[in-house]
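The values are calculated or read from the model by the stated rules, or taken from the named source; none is laboratory data. Predicted, not measured: the structure shown is a model, and the values here were computed from it. The protein model used for the area step is the full one, side chains on, heavy atoms only, and it has no ligands, DNA or RNA in it. Shrake-Rupley method; radii C 1.70, N 1.55, O 1.52, S 1.80 Å.
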Amino acid sequence: GLICPRAEPAHAAWLARFPVALAIVDTSPLPNAVIFDARQFMELSLHELARAGCRSVGLISIWPHADRTRHLYIDAYERFFDLAGQLKLRIRDDWIHVPRDVNIAAQPKVERYGYEHFKALWESAEHPEGLIVTDDVVAKGVITGLLEAGVHVPADLKLVLHRNREIDFVCPMPAVFLESSAKTMSAALFG
């Protein structure tokens with residue numbers, strides 16, 4: 001058998017033909033998948049920032065923003081924008097950093113992506129009061145950028161970060177962590 005922790009739709013066809021039992025943890029359209037609820041992640045993140053008193057929010061994410069026929073994260077982004085409006089959280093285009101390339105998560109420079117996109121966000125004329133970051137490797141790059149820029153968290157910026165429960169994650173500043181657990185998801189696949 002094979003447990004696949006990430007299966008982008010581009011890989012679904014050949015994975016479905018793989019001649020062993022297959023369990024997938026991600027957003028795969030295959031029937032034997034446990035799907036990370038990206039929409040719920042956005043809802044929880046925005047509610048946390050609103051509760052913390054934020055009036056504006058930014059987003060740095062590795063989740064591709066493609067059309068609905070190509071990728072399942074589009075629902076999460078739609079929910080982000082809809083709920084931010086309902087919560088009266090202001091958003092600016094230069095505070096939203098998401099890839100258009102569906103295969104960016106397969107790139108080896110994901111941590112650098114977080115670092116560079118945080119630098120670009122912080123070079124804006126105005127900064128958001130809260131920032132949502134996903135996935136955890138992207139968050140590590142963002143943390144490096146925060147430290148380099150001397151940003152005081154939570155005074156200058158409140159953070160909601162993704163992390164995987166089973167992977168060590170050092171964060172020297174206060175943040176709200178929304179966790180996913182490969183162990184829990186794998187158990188659901190076999191339950």
Next item on the list: Using Cα positions and a limit of under 18 Å, work out the lysines in reach of residue 119, with same-chain residues fewer than 8 apart set aside.
Entry: 109, 140, 158
Notebook entry, point to check: Projected area of the stretch 112-191, taken from the Cα convex hull and averaged over every viewing direction, in nm²?
Noted result: 5.6
Notebook entry, point to check: Considering only protein heavy atoms, what per residue accessible area in square angstrom results for the stretch 84-175 with a 1.4 angstrom probe?
Noted result: 52
